[in-house]
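The values are calculated or read from the model by the stated rules, or taken from the named source; none is laboratory data. Computed from a predicted model, the values in this text were never measured in an experiment. All Cβ positions, even for glycine, are placed from backbone atoms using ideal geometry, and neighbour counts span all protein chains on display. Heavy atoms of the whole protein, side chains included, go into the accessibility calculation; ligands, DNA and RNA do not. Shrake-Rupley method; radii C 1.70, N 1.55, O 1.52, S 1.80 Å.
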Amino acid sequence: MAAAKGPKTLSQGGNRPLGRLSGPIFTPPSGRAAYATLPSASRGRFHPESESATRTCFQRDRDRIIHSAAFRRLKHKTQVFVQHEGDYYRTRLTHSLEVAQIARSLARVLALDEDLAEALALAHDLGHTPFGHAGEDALNAATLDIGGFDHNAHALRLVTKLEHRYADFDGLNLTWETLEGLVKHNGPLRPPFAGPIASFDKRWPLDLRHWSSLEAQVAALSDDIAYVNHDIDDGLRAELFTTDDLLASPLAGDAVRGVRARYGALELGRLIGELVRTLMSTLVNDLLAETGRRIAAAGLASPADVRSQKRALVAFSDAVAEEVAALKRFLFAHMYRHPRVMAPMGRAQALVADLFAAFTADPKLLPPDWAAQCGAPGGEVTGGVVRDYIAGMTDRFAMLEYGRVFHTDIAL
């Protein structure tokens, strides 16, 4: 394999910084920031426990998430491509690991609690169904009469109820700060509250109307940075679009032009690597600069000050936020709605709908431990149990269950 050519000059190609930074993007306070979430000030756990002598409470949360069954199942859940399409494309698990790396790095620069940011990044997709957003749409449509389905609400249900690892309690018994960030990482929730979030909030209020911690906000933006970059990577490798197509996007186009100017012709793997590296650096640097400006303007003195703000503090600049939105529109048109992606997703939605109808009509088709939780066929209790059962499936297990129930294989 030919080695990459050396760079021409760092100033060539594009109007974005491609080399070393000329100065600090953000100067963090020395040590832990006053607005960081402190493990020692945690509001604790719903079920009181003795804490570890060797790990902080947020480190324990992270470790419990990693060891959970729900986290392992992400290995075989769709990100964009159905899981069996190829070993080189992202799954929910690899996506979550990439989000965690970005969140941890950003939290370090911002002098926040890295472990809380990492825990929230690892947990943010726990509630997803098989077959990505197509599976969620199908499960939501099938369950509208019993409240529908939302992956954030289901993630809360997983970590507070459905995980059965401990003898003393259901769920993972995570700290208040991790639960709050899991529910609100995309911002405050608007009433009326419903479903699992409302039910849990009545038992242990999560301050749903206010912003979450900076660590949760970091996890949310890390998700955006990760997925626009790795979807470009996967889309180019799958030949759903080309680097020439990306030139129409101001954000990605600048990165493509810069890489070409610096290196000339490159094999695809190196081209994608340099493109993603350049684009990711642009987004990270802009986020740190804008977040630094917002933190300075807010005059934060404590984590409570973060929650009282009227807007997010972790953010892209307005100009880059517009370009990120344009890039997402590009990916929507050229990747998420590409016939190669849409055709199997249409069949996946039918699979989810058929499984829900079959299980609710005859709960005895469920495994014995799940069937024992059901009420009358077609009832609300049975529908809720079936919803939980299907939501926990991986792509391939859903296809196996379809074959078992309908005595026929389904090809996506």
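R257 falls short of the stated requirement of being more than 19 Å from the chain's Cα centre (by Cα), part of a helix (DSSP H, G or I), within 24 Å of D318 (Cα to Cα) and modelled with pLDDT of 95 or more. Apart from one condition, N140 fits all of (1) touching a Gly at 6+ places or on another chain (Cβ under 8 Å); (2) not in a helix (DSSP H, G or I); the exception is (2).
A count restricted to the stretch 150-168 and to residues that are assigned to a loop (DSSP other than H, G, I, E, B) and either among the hydroxyl-bearing types (S, T, Y) or open to solvent by 20 Å² or more (accessible area, probe 1.4 Å) (or both) stands at 6. Going by the conditions given, is L189 open to solvent by 10 Å² or more (accessible area, probe 1.4 Å) and assigned to a helix (DSSP H, G or I)? In short, no. When the stretch 108-120 is limited to residues that are aliphatic (A, V, I, L, M) and farther than 15 Å from H151 by Cβ, the one that is most open to solvent (accessible area, probe 1.4 Å) turns out to be V109. Can L182 be described as touching a residue at least 24 places away in the same chain (Cβ under 8 Å), open to solvent by less than 30 Å² (accessible area, probe 1.4 Å), within 16 Å of R157 (Cβ to Cβ) and out of contact with any Pro (no Cβ under 7 Å at 6 or more places or on another chain)? Yes. Pull up the stretch 74-96, narrow it to residues that are of a type in the set (A, V, I, L, M) and either modelled with pLDDT of 85 or more or outside any loop (DSSP other than H, G, I, E, B) (or both), then point me to the one that is most open to solvent (accessible area, probe 1.4 Å). This residue is L93. Scan the stretch 42-63 residue by residue and report those that are aromatic (F, W, Y) and open to solvent by 40 Å² or more (accessible area, probe 1.4 Å). Selection gives F46 alone.
Among the residues of the stretch 348-369, are any on the phi < 0 side of the Ramachandran plot and in contact with a strand residue (DSSP E or B) (Cβ under 9 Å, 6 or more places away or on another chain)? Within the stretch 348-369, one or more residues are on the phi < 0 side of the Ramachandran plot and in contact with a strand residue (DSSP E or B) (Cβ under 9 Å, 6 or more places away or on another chain).
Put simply, of T175, T129 the only residue that is open to solvent by less than 50 Å² (accessible area, probe 1.4 Å), touching a Cys at 6+ places or on another chain (Cβ under 6 Å) and farther than 28 Å from E290 by Cα is T175.
May I ask you to verify whether V341 is part of a helix (DSSP H, G or I), in contact with a helix residue (DSSP H, G or I) (Cβ under 8 Å, 6 or more places away or on another chain) and at pLDDT 95 or above? So V341 fails the test. Only residues that are touching a residue at least 24 places away in the same chain (Cβ under 8 Å) and under 17 Å from L139 (Cα atoms) were counted across the stretch 326-385, and they come to 20.
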